[in-house]
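We did not get these values from a lab; they are worked out from the coordinates using the rules stated. Being a predicted model, the structure only gives us computed values, none of them experimental. All Cβ positions, even for glycine, are placed from backbone atoms using ideal geometry, and neighbour counts span all protein chains on display.
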Amino acid sequence: MERMNSENSLERTLRNLPSEKVPADVYDRLQAKAAWNRPPVAHQRPFVIPILILLSLVVVFLGVYEFMGTARVATGNHPEESIPATMSPVIAWTPSAKSETVLNADYDPGGLSSRVLEMESAFEVRFGDSPTMLQAEIMKLDS
Amino acid sequence: MENTSEIRQIVTLYASDPRQGFDLLYRVFANRLATYLRRSFNLDSDEISDIVHDTFLPWVEKPDKMKSVDNPASYLFSTAKYIALETKRKMGNTVPDVDAPEPAFPFDSTRIDTEMVISEALSLLPDEQREVIALKIWGDLTFEEIAAVQQVSLQTAASRYRYALQKLKEKLAWKE
């Protein structure tokens with residue numbers, strides 16, 4: 001009993017010691033960050049970030065694509081169909097064996113010799129020419 | 001027990017209205033947490049304020065998540081303990097200072113002596129014994145809640161408390 005009384009009296013004394021008091025600004029700081037005090041416009045935000053990410057990816061992809069196109073042109077190792085319409089390569093025309101046969105003065109079935117002769121000359125597409133200009137030149141040759 | 005019904009009231013209110021529930025939670029536990037931190041870890045007022053702030057922060061920022069907490073008392077004190085230990089670790093001081101902390105309020109000299117003497121005696125106890133006294137006396141936790149905070153069995157928490165009181169009495173030369 002005495003032991004219990006002494007423990008109880010010690011406990012009482014301990015409890016009666018002054019307690020710590022938290023400053024009022026702690027509560028204010030917490031309320032400033034409270035979810036119930038946040039502005040309501042946050043609802044639109046979930047869509048903004050994914051759209052921005054998507055746009056960034058598109059821009060990066062286009063950039064890579066453009067770069068790959070330029071690299072292919074520089075190496076000259078590309079099939080004709082892979083060239084974008086906006087870009088015009090420099091192509092060196094190499095006369096084929098067929099044209100040599102056609103150049104034979106005795107062989108001129110359709111009056112093509114003049115045309116062929118013109119074609120035999122180095123056919124260069126100037127850098128910067130668009131396909132439409134190319135087509136116009138070819139049509140001019142055909143006429 | 002009054003403590004249990006108080007906890008139940010806080011949990012119920014917080015689940016239905018986090019704003020009011022938090023107000024009640026803060027009113028009941030803020031000063032208790034601060035006193036526990038002072039007595040158990042001998043931290044200064046600024047550190048205590050920061051730890052109390054960080055302890056309550058999830059309750060205002062993520063009420064949907066905190067609604068699932070069954071016992072806010074043991075959760076709050078466990079969180080405060082973890083942050084306090086981290087604070088002490090960063091300070092490079094895991095052993096509490098022997099010097100008595102400054103009193104929270106101005107009071108007469110006899111009480112100042114008692115406060116200082118008891119604080120000094122508390123600081124000489126092992127960490128877990130000092131903590132169990134702080135949790136029981138100033139945190140006003142049940143032994144079940146203390147066991148959850150200290151991560152020991154209920155029996156260990158209760159016997160640790162009795163042994164800590166006995167040692168404190170010896171150090172204080174406590175007379176009945």
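Each residue of segment B:130-136 was assigned a 3J(HN,Hα) from its phi angle through the Karplus curve 6.51 cos²θ - 1.76 cosθ + 1.60 (θ = phi - 60°); the sequence is 4, 5, 5, 5, 5, 5, 6 Hz, with glycine and proline shown as x. Rounded to the nearest whole Hz, the Karplus-based 3J(HN,Hα) values (6.51 cos²θ - 1.76 cosθ + 1.60, θ = phi - 60°) of segment B:80-90 follow the sequence 4, 4, 4, 5, 5, 5, 5, 4, 5, 5, 5, with x at glycine and proline.
Just checking the output field for A:28-36: average partner chain Cβ neighbours within 10 Å of each residue's Cβ? Per residue, the average neighbour count from other chains is 6.
For chain B, the longest principal axis of the alpha carbon atoms and the long axis of helix B:2-16 meet at an angle near 30°.
When the listed pairs B:K88/B:K169; B:K62/B:K90; B:K67/B:K169; B:K62/B:K169 are checked against a 32 Å cut-off, the alpha-carbon distance exceeds it for B:K67/B:K169; B:K62/B:K169.
Roughly how many debye, to the nearest 20, is the charge dipole of chain B about its Cα centre, given +1 on each Lys and Arg Cβ, -1 on each Asp and Glu Cβ, and no other charges?
Dipole about the Cα centre, nearest 20: 460 debye.
Taking Cα atoms, how many degrees apart are the long axis of helix B:45-61 and the longest axis of chain B, rounded to 10 and kept between 0 and 90? For B:45-61 against chain B, the angle is about 20 degrees. Peptide B:50-62 is shielded by partner chain Cβ atoms: per residue, an average of 4 of them sit within 10 Å of its Cβ.
With the highest mean first, a sort of the peptides A:19-32, A:46-59 on other beta-carbon atoms found within 10 angstrom per residue produces A:19-32, A:46-59. With R₀ fixed at 22 Å, the C-beta to C-beta distance from A:R29 to B:E86 puts the FRET efficiency at about 0.65.
Legend: ranking of residues B:R27, A:R72 from fewest to most surrounding C-beta atoms inside 10 Å; resulting order B:R27, A:R72.
Along the axis of the charge dipole computed for segment B:125-176 (Cβ charges of +1 for Lys and Arg, -1 for Asp and Glu, origin at the Cα centre), the listed residues B:L154, B:L165, B:I137 are led at the positive end by B:L165.
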